[in-house]
Amino acid sequence: MAEDVVLDVEDLSVSFVSPQGIVPAAREVSFEVRRGETLAMVGESGSGKSVTSLAILRLTPPAPQCRIEGRVRLRAGDRRVHDLLALPEARMRELRGSAAAMVFQEPMTSLNPVHKIGDQIAEAVRFHSALSKRGALDRAAELLDLVGIPDVRRRMSSYPHQLSGGMRQRVMIAIALSCEPVLLIADEPTTALDVTIQAQILELLHDLQQRTQMALLFITHNLGVVAEIADRVIVMYAGRVVEEAAVLPLFKRPLMPYTQGLLRSVPRLDLAGRRCDELAAIPGNVPDPLALPPGCSFAPRCAHRVPELCDGRVPLLEGAGAQHFVRCARWASLAEGAPP
Amino acid sequence: MTSPVGAIDGPPAKPALTSRWDSPALRRFRRHRLAVFGAVTILVLTLACIVGPFLLPFTDTFIDIRQRFAPPLSGAHVLGTDQLGRDMLARLLMAGRISLAVGFAAMAISMVIGVCVGLVAGYYGGAIGAVLMRFVDAMLCFPSIFLLLAVSAFIHPGVETIILLIAFTAWMEVARIVEAQIKALRERDFAVAAEALGASDARVMIRELLPNAIAPIVVAATLNVAHAILAESYISFLGYGIQPPTPSWGNMLDNAQGYLTSAPWLAMLPGAMITLAVTSFNFIGDGLRDALDPRTDAR
Amino acid sequence: MGSFLARRVGQAGVLLLIVSIIGFSILHLAPGGPLSQFAATGDMTQEDLDRVARQMGLDRPLPVQYAEWLWRLLQGDWGVSYRDKQPVLRVIGSHLGATLELMLSSTLLAMMIGCWIGVLGAIRRYSVFDTLATVGAMIALSIPTFWFGLVVIYVFSVGLGWLPAGNRYTIGDGSWSDRLHHLIGPCIVLALVSTAVWSRYMRSSMLDVINQDYIRTARSKGIPERRILFQHAVRNALLPMITIAGLHLPTLLSGALVTETVFTWPGMGRLFLDSIGYRDYPTVMGILMFTAMLVLLGSLLADLLYGVADPRIRTA
């Protein structure tokens, strides 16, 4: 694990036990996030991105229901490396909320309705520091100020329902940042918000990251947001990483047909002259996790599928240039534009 | 999609199975072991109460003074005798006829009232609905035993009156359930479509809306039988329900308290029968609730 | 909160009006109406009856009678008990204490045990404990209260001799310990059904809460599981229980009547039964109206308490 790597995920697999069988939600996911870096994880609903993020902090349902395999290492603020999946629960709890914190998608339901905002922030502070109750509350007020909430004194004793969605998400961010984490996982933090508020929250996150140099794992399905905030991107499909690249190369030269499809489905101002039907959704649906195709998971929806190449076995995640990886049996021939 | 459970939403439902006896609802009911136990118990109990008295050597009214207070499992009387030397088993079975009949009949009547009130209130809404539902609320303010006793104390009830009385104190919950269902259903396309086609109000209510609300109604009906059996036993125990010599599980207990020291089986047996029957109906109700609610399949 | 309060009190007022109409109807629906107890004694002639009817104003139109009856009811004039020759309200008042003592103590017991069972059942869902608690609650809801009372008397009074078989205290004694000793049996009996009810509702409320997003947020903050459970989950899960307490009141009153009968507990339920036996019509009607009003008041109180306990309503 290189010195500036904060989070190192290796072959992380998460599966759920259901009456219908074992449902693989994430399969052999590997990636790294470095200090001060923003890694965006992109994919449709059900691609396994949320599950992966929850599994990193071991916030998925407990053991018999849910199985986690692989290795997740976190370099805490004191430079010590922790093997998260092997830690006893008590040690894991100490890291949660202090070294690594999380912001969730639904600001409307993610705060406890019966506790005051100030108390909810102070609670996190209290359990990870030696501060007194008074001190924790002072710190909470500081944090509210930091995330740009006006009239801090009044807001400290407000209840969540008295705040707008954007405000609540700021509070969530304040809670997450309360112990100056080295890693922040943001799971679709702007999806539930209005576009203007979205932009403000993104800016806030970006600002805070610049200031604290924390690593940011940003999960989203919105490619517009990715372009704005990410340094590197991993694309998830049916529980697997299918492409990984720095943000510019990915947008300029996506190699995986799925990524190409995703990009084509985003309206773009610079291509406003294009015909409408070119703004196409990818045909078909995400495959049933209980009946995944034996080969490439995307093959059934792929326009470039060649049965002999794509249906036999799962393609490997191959290197395709500097820091660019792709999981497609045909990426090379497709990139050349030549017939197979 | 943030919730891990949401992320693994199962595959699309498989096409419905053809055989009635293999429907998902029935499968879920059979998997509910307590409900199956309840159903079997009620079946056996009902059969025993209907057929049993014909097979026994004693009738429930046969008085044998020499055999007073014979304990259970001593001689000819399997479950012993009471203070008049009457066979307990025969009396329990005859009492079961009355108690079960009261339970089913009161349920039927209360369901009719409850469904009608709920349908009208839910369908018309507005002032009619408000008045009906406030009436339901007001009725629910009276504790049922107080209401039952107050009325039955002044009219010297027979079995039929008891049934009516219990029904009149037990329809409100059903009305609430039906009203809520109908209110939600009537906004849906099929109801609007039927109305647009000029179907009469009664037709829309009964042919279009009611069948879609049947699941909670069936559950409520089952639980209502349990409630009615309990209610009968309460007022009979207190002496204002079914009057002796007609036996019911409740009034068999009426005199039993005095013999608690000398002949405890007089109190224990009828009480056990009530508990068994009521528990069974409650189990069935619980099983039906799970079986008729497709969401529980995922568990 | 202010508008919520006003609305809720208004609703209760309307409900009280309907409750009084139902009560008045029962009074007049009984064969012979309010005169039935005179007719039943048989030593009054038809002339006497007519005279009494005129005296009582029964020859006037029903709406007028109702208005007068309601007016007297609201003024606290609930008639005079035939049995005690005392105002009905005073008779009820003298029995209310015993009933409240029984209801409050058993509710306290049921809440503590029931909520615990519910919380444990929810966090260990489908465990052996949860299954047993579920089945146990279903059976407890099915046991007739009077029979359970008899069983308790048979086992603990007749068999083991630990508990007195009835009454509120030993004549001539009246000490706290003696009263407490007498309270144990009826309290347990009345608490059985309530415990089952509380445990069922608490379990489902708790299951709702532990799947909420804010519980996951609490976990992500890294605070101990125990604190998540009590500070975050139970705190929220208890809120709907306030409403349940109000809804459960009629059942509790019915149970109290039966329990009081079995344990010869000198409360309102026992008074009600005795009054029926004596055909003490004003007392019977008085208690019926009183219980209905108590239920009404209880659900109003529960709603107001909910409003105070839930910041979403309190600060609205």
* Structure fact -> Apart from one, (1) open to solvent by 30 Å² or more (accessible area, probe 1.4 Å); (2) over 25 Å from B:Leu140 (Cβ atoms) all hold for B:Tyr240; the odd one out is (2)
* From (1) open to solvent by 40 Å² or more (accessible area, probe 1.4 Å); (2) more than 9 Å from chain B (Cβ to nearest Cβ), pick out the condition that doesn't hold for C:Val234. => (1)
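Could you list all residues from segment A:124-144 that are within 21 Å of C:Arg227 (Cβ to Cβ) and either of a type in the set (Phe, Trp, Tyr) or open to solvent by 10 Å² or more (accessible area, probe 1.4 Å) (or both)? Spell out how you get there, then give the answer.
Going residue by residue through segment A:124-144, those that are within 21 Å of C:Arg227 (Cβ to Cβ) are A:124-137, A:139-140, A:143.
Hits for segment A:124-144 are A:Arg126, A:Phe127, A:His128, A:Ser129, A:Ala130, A:Leu131, A:Ser132, A:Lys133, A:Arg134, A:Gly135, A:Leu137, A:Arg139.
Is there a residue being aliphatic (A, V, I, L, M) and free of Cβ contacts under 8 Å to residues at least 60 places away in the same chain anywhere in segment C:284-293?
We begin by selecting, within segment C:284-293, every residue aliphatic (A, V, I, L, M); these are C:284-285, C:287-289, C:292-293.
Narrowing the set further to residues that are free of Cβ contacts under 8 Å to residues at least 60 places away in the same chain leaves C:284.
Yes, the conditions are met somewhere in segment C:284-293.
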* Structure fact -> Conditions (1) free of Cβ contacts under 8 Å to residues at least 40 places away in the same chain; (2) more than 10 Å from chain B (Cβ to nearest Cβ) -> C:Val158 fails only (2)
* With the checklist (1) at pLDDT below 90; (2) open to solvent by 60 Å² or more (accessible area, probe 1.4 Å) in hand, flag the one item C:Pro164 doesn't pass. => (2)
* Asked: Since B:Gln257 meets every condition but one in (1) over 25 Å from C:Ala165 (Cα atoms); (2) without any contact (Cβ under 8 Å) to a residue 12 or more places away in the chain, which condition does it not meet?
  -> (1)
* Criterion: farther than 25 Å from C:Asp213 by Cβ, within 14 Å of another protein chain (Cβ to nearest Cβ), open to solvent by 20 Å² or more (accessible area, probe 1.4 Å) and not aliphatic (A, V, I, L, M) - qualifying residue of A:Arg27, A:Arg34, A:Arg67 -> A:Arg27
* Asked: Only one of (1) away from chain C (no Cβ under 11 Å); (2) touching a residue at least 40 places away in the same chain (Cβ under 8 Å) is not met by B:Asn282, so which one is it?
  -> (1)
* Structure fact -> From the option list B:Ala101, B:Ala121, B:Ala130, single residue qualifying as of a type in the set (A, V, I, L, M, F, W, C), more than 23 Å from B:Gly271 (Cα to Cα) and surrounded by fewer than 22 Cβ atoms within 10 Å (Cβ to Cβ) is B:Ala130
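Could you identify the single residue in B:Thr61, B:Thr81 that is modelled with pLDDT under 85 and buried (at least 16 other Cβ atoms within 10 Å of the Cβ)?
None of the other options fit; the residue is B:Thr81.
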* Being more than 7 Å from chain C (Cβ to nearest Cβ) and over 13 Å from the mean Cα position of the chain (by Cα) is the filter; apply it to segment A:101-114 and report the residue that is farthest from A:Leu208 (Cα to Cα). => A:Met108
* To do: Tell me, please, whether a residue that is surrounded by 23 or more Cβ atoms within 10 Å (Cβ to Cβ) and more than 9 Å from chain C (Cβ to nearest Cβ) can be found in segment A:85-95.
  => no
* Does segment A:37-50 contain at least one residue that is within 14 Å of chain C (Cβ to nearest Cβ) and touching a strand residue (DSSP E or B) at 6+ places or on another chain (Cβ under 9 Å)? -> yes
* Of all residues in segment A:264-295, count the ones that are polar (S, T, N, Q) and modelled with pLDDT of 80 or more. => 0
* To do: For residues that are open to solvent by less than 10 Å² (accessible area, probe 1.4 Å) and of a type in the set (Asp, Glu), scanning just segment A:145-189, find the one that is farthest from C:Arg216 (Cα to Cα).
  => A:Glu188
* To do: Could you check, for segment C:251-272, whether at least one of its residues is farther than 30 Å from A:Leu57 by Cα, at the interface with another protein chain (Cβ under 9 Å from one of its Cβ atoms) and either open to solvent by 30 Å² or more (accessible area, probe 1.4 Å) or touching a His at 6+ places or on another chain (Cβ under 6 Å) (or both)?
  => yes
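Considering segment B:243-274 alone, what residues qualify as being of a type in the set (Val, Ile, Thr) and either buried (at least 19 other Cβ atoms within 10 Å of the Cβ) or under 21 Å from the mean Cα position of the chain (by Cα) (or both)?
So in segment B:243-274, the residues of a type in the set (Val, Ile, Thr) come out as B:246, B:261, B:274.
B:Ile274 - this is the single residue of segment B:243-274 that is of a type in the set (Val, Ile, Thr) and either buried (at least 19 other Cβ atoms within 10 Å of the Cβ) or under 21 Å from the mean Cα position of the chain (by Cα) (or both).
The values are calculated or read from the model by the stated rules, or taken from the named source; none is laboratory data. In this text the structure is predicted, and so the values were computed from the model without any measurement. All Cβ positions, even for glycine, are placed from backbone atoms using ideal geometry, and neighbour counts span all protein chains on display. These accessible areas exclude ligands, DNA and RNA; they are computed on the full protein's heavy atoms, side chains included. Shrake-Rupley method; radii C 1.70, N 1.55, O 1.52, S 1.80 Å.
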